[in-house]
Amino acid sequence: MRIIGGKLRGKTILPPAGYKARPTTDFAKEGLFNTLDNEFYFDDLAVLDLFCGTGSIAFEFASRGVGEVIGVEMNPVNVAFIRKTATALGVDRTVRVVHQNVFDFLDICTRRFDIVFADPPYAIDGLDTIPERVLARGLVHAGGYLILEHPAEYNFAAHPSFVKEKKYGNVHFSYFSPSAETES
């Protein structure tokens with residue numbers, strides 16, 4: 001796995017054998033970040049990466065100069081790997097990892113972010129509730145996005161905050177944005 005853009009472009013992320021995570025493919029990451037490059041200036045954005053896994057998405061954001069990435073990951077082996085990799089890449093001041101269950105974290109988080117990215121395990125119970133959980137808590141600034149990576153069997157087009165869906169092979173990204181009226 002490699003970082004595909006920004007100042008760390010070309011750096012590899014090598015999880016140990018047997019690592020339990022399904023990283024976003026390079027093809028899908030490239031499509032995701034091409035879309036975001038056209039809509040955001042990355043400087044100083046605050047990003048929340050839910051189900052951080054390998055840290056691949058967090059490192060892509062850090063490589064592009066965001067101000068802060070908070071990753072949430074439940075597996076302690078993954079948390080240790082992400083922290084070690086952030087230090088090795090020199091982005092440990094930008095990428096911070098919270099060792100917690102994502103659903104528990106969503107219940108207590110009070111901050112707002114410019115981008116919330118969620119890449120849950122595809123078989124997880126409650127995947128379909130993630131947009132409502134994130135948006136109901138007001139975690140996304142007006143004009144920002146919740147981006148949910150999911151398999152083809154999910155369709156969020158009827159959700160009131162749904163903006164668009166992008167497909168890259170078997171990877172689907174659904175984008176949601178809160179209305180300006182919900183921003184306070």
Looking at segment 133-161, which of its residues are touching a strand residue (DSSP E or B) at 6+ places or on another chain (Cβ under 6 Å) and either among the polar types (S, T, N, Q) or part of a strand (DSSP E or B) (or both)? VAL140, HIS141, GLY144, TYR145, LEU146, ILE147, LEU148, GLU149, HIS150, SER161
Members of segment 18-48 that are small (Gly, Ala, Ser) and either in contact (Cβ under 8 Å) with a residue 40 or more places away in the chain or surrounded by 15 or more Cβ atoms within 10 Å (Cβ to Cβ) (or both): ALA21, ALA28, GLY31, ALA46
Within segment 104-129, track down each residue that is part of a helix (DSSP H, G or I) and among the β-branched types (Val, Ile, Thr). ILE108, THR129
Any idea which residue in segment 162-184 is nearest to ASP49 (Cα to Cα), counting only those that are polar (S, T, N, Q) and either in a loop (DSSP other than H, G, I, E, B) or out of contact with any Phe, Trp or Tyr (no Cβ under 8 Å at 6 or more places or on another chain) (or both)? SER177
Would you say GLY65 is under 15 Å from VAL97 (Cβ atoms) and either in a loop (DSSP other than H, G, I, E, B) or modelled with pLDDT under 95 (or both)? no
Condition set in contact with a Lys or Arg (Cβ under 8 Å, 6 or more places away or on another chain) and on the phi < 0 side of the Ramachandran plot, scope segment 10-33, selection modelled with the lowest pLDDT: answer is ASP26
Restricting attention to segment 71-101, which residues are surrounded by fewer than 21 Cβ atoms within 10 Å (Cβ to Cβ) and within 23 Å of GLY143 (Cα to Cα)? THR94
Against the conditions (1) over 27 Å from GLY10 (Cβ atoms); (2) charged (D, E, K, R); (3) crowded, with 21+ Cβ neighbours inside 10 Å, where does ASP119 fall short? Just the number, please. (1)
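When residues of segment 77-117 are filtered for being of a type in the set (Gly, Ala, Ser) and in contact (Cβ under 8 Å) with a residue 12 or more places away in the chain, how many remain?
Number satisfying all stated conditions: 1.
The values are calculated or read from the model by the stated rules, or taken from the named source; none is laboratory data. Please read all numbers here as calculations on a predicted model, not as lab measurements. FYI the Cβ positions are ideal-geometry reconstructions off the backbone, even for glycines, and counts take in every protein chain you see.
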